[in-house]
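Below you'll find the structure, written out as structure tokens, and then a few comments.
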Amino acid sequence: MSSPSYDCLCAGIIVADHVCQAIDHLPRPGELVLTDQMELTIGGCASNVASDLARLDRQVAIAGIVGQDVFGCYVEERLIQSGVHCDYLMKSEELPTSGSFVINVQGEDRRFIHSVAANALFTGETVTREQIESSRILYLGGYCLSEELSPENVAEMFRMAKEAGVTTVLDVVTPKLADYWKMLESVLPLSDYFLPNNDEGELITGEADPLAQARAFRKAGAKNVIITCGGEGSILMNAEQTFQSEIYPVNLVDGTGSGDAFVAGFIHGLLEGASPEECLKFGSALGHSCVRATGATAGIFTRGELHDFVGAHDLQVRTI
């Protein structure tokens with residue numbers, strides 16, 4: 001078999017984000033509130049992680065779908081400009097490009113209004129064995145957002161990856177109360193790394209404690225579970241050990257994309273052959289860089305900046 005062409009194949013949801021700089025309060029009915037800037041940016045797990053990895057000089061391909069509209073053209077153009085290979089990007093004549101309004105209010109977590117749109121047409125069946133074998137890591141982002149991306153299709157995708165010796169990384173989006181276990185039970189045993197945040201973990205497991213969430217996901221078959229907990233840091237649990245990581249302090253501008261940036265930094269660590277503790281540091285550092293600017297990808301460190309930052313700043317990672 002020839003050497004992989006890509007460090008990572010990022011499959012899953014692709015979104016055009018409309019992001020406002022922080023306003024001082026949510027508008028009342030009929031009220032106009034001014035923001036200093038409204039930006040159109042790329043968003044969605046697959047496109048954010050792909051763009052962030054390309055920023056780190058990784059060879060990245062993306063697999064997903066956009067509409068044949070102005071927003072789809074914009075997203076594809078921005079991805080290509082970022083250095084992401086878009087040969088596997090599909091175009092839909094049926095549905096428009098997925099979109100999110102990202103509302104930032106001073107002193108509060110961001111709010112989202114989302115349209116699934118063309119992402120509902122991404123079933124995973126178009127991700128071929130050849131595409132998977134072309135990459136060292138297969139990342140699937142936004143799983144559970146759309147029922148069309150079924151457990152059977154994802155399990156088959158991950159099974160092909162395991163047969164090819166490709167590392168599997170799974171991320172989820174859980175938009176409402178639902179029984180997500182039925183979507184995860186056949187996929188987690190094929191997942192080398194599972195990276196939900198603690199809110200998603202609680203919604204899926206019913207457990208408020210991230211450690212209890214990680215134990216539940218490990219019991220369900222995930223090899224390595226990483227729970228990101230916002231300002232509280234992150235948890236990594238596998239069969240041998242459990243780590244708890246703090247965060248790098250930062251002046252928060254916009255949290256959009258910070259979870260995806262963590263994932264990209266963590267994947268970068270895996271590609272570097274780094275230890276679990278070092279992977280947590282890379283993830284935390286890239287997440288730190290993300291929230292310094294408005295939008296999901298504008299503030300992301302370059303490869304050199306990331307390694308310099310991790311080398312110059314201590315991060316507490318302890319075994320528990």
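Of the residues making up region 244-290, those that are at pLDDT below 95 and of a type in the set (Lys, Arg) number 0.
Taking the listed residues 37, 21, the one that is more than 22 Å from residue 304 (Cα to Cα), in contact with an Asp or Glu (Cβ under 6 Å, 6 or more places away or on another chain) and open to solvent by 10 Å² or more (accessible area, probe 1.4 Å) is 21, with no other qualifying. The single residue among 51, 98 that is under 15 Å from residue 10 (Cα atoms), within 18 Å of the chain's Cα centre (by Cα), among the polar types (S, T, N, Q) and crowded, with 21+ Cβ neighbours inside 10 Å turns out to be 51. Residue 125 falls short on exactly one of the conditions (1) under 16 Å from the mean Cα position of the chain (by Cα); (2) open to solvent by 30 Å² or more (accessible area, probe 1.4 Å), and that condition is (1). Only one of these is buried (at least 20 other Cβ atoms within 10 Å of the Cβ) and either over 18 Å from the mean Cα position of the chain (by Cα) or in contact (Cβ under 8 Å) with a residue 12 or more places away in the chain (or both): 231, 265, 304, 311. Name it. The match here is 265.
Determine if region 139-160 includes at least one residue that is over 17 Å from residue 44 (Cα atoms), free of Cβ contacts under 8 Å to residues at least 12 places away in the same chain, in contact with a Ser or Thr (Cβ under 8 Å, 6 or more places away or on another chain) and among the aliphatic types (A, V, I, L, M). The answer is no, given that none of the residues of region 139-160 is over 17 Å from residue 44 (Cα atoms), free of Cβ contacts under 8 Å to residues at least 12 places away in the same chain, in contact with a Ser or Thr (Cβ under 8 Å, 6 or more places away or on another chain) and among the aliphatic types (A, V, I, L, M).
Check 129, 58, 78, 110 and return the single one that is among the basic types (Lys, Arg), within 24 Å of residue 174 (Cα to Cα) and touching a residue at least 12 places away in the same chain (Cβ under 8 Å). Let's see the steps before the verdict.
Working: 129 fails: within 24 Å of residue 174 (Cα to Cα); 58 fails: within 24 Å of residue 174 (Cα to Cα); 78 fails: within 24 Å of residue 174 (Cα to Cα).
Being among the basic types (Lys, Arg), within 24 Å of residue 174 (Cα to Cα) and touching a residue at least 12 places away in the same chain (Cβ under 8 Å) holds for just one of 129, 58, 78, 110, which is 110.
The values are calculated or read from the model by the stated rules, or taken from the named source; none is laboratory data. Quick caveat, the model's predicted, so the values are computed rather than measured. Cβ coordinates were reconstructed from backbone atoms using ideal geometry, including for glycine residues, and neighbour counts include every protein chain displayed. Surface areas here come from the heavy atoms of the whole protein model, side chains and all, with no ligands, DNA or RNA. Shrake-Rupley method; radii C 1.70, N 1.55, O 1.52, S 1.80 Å.
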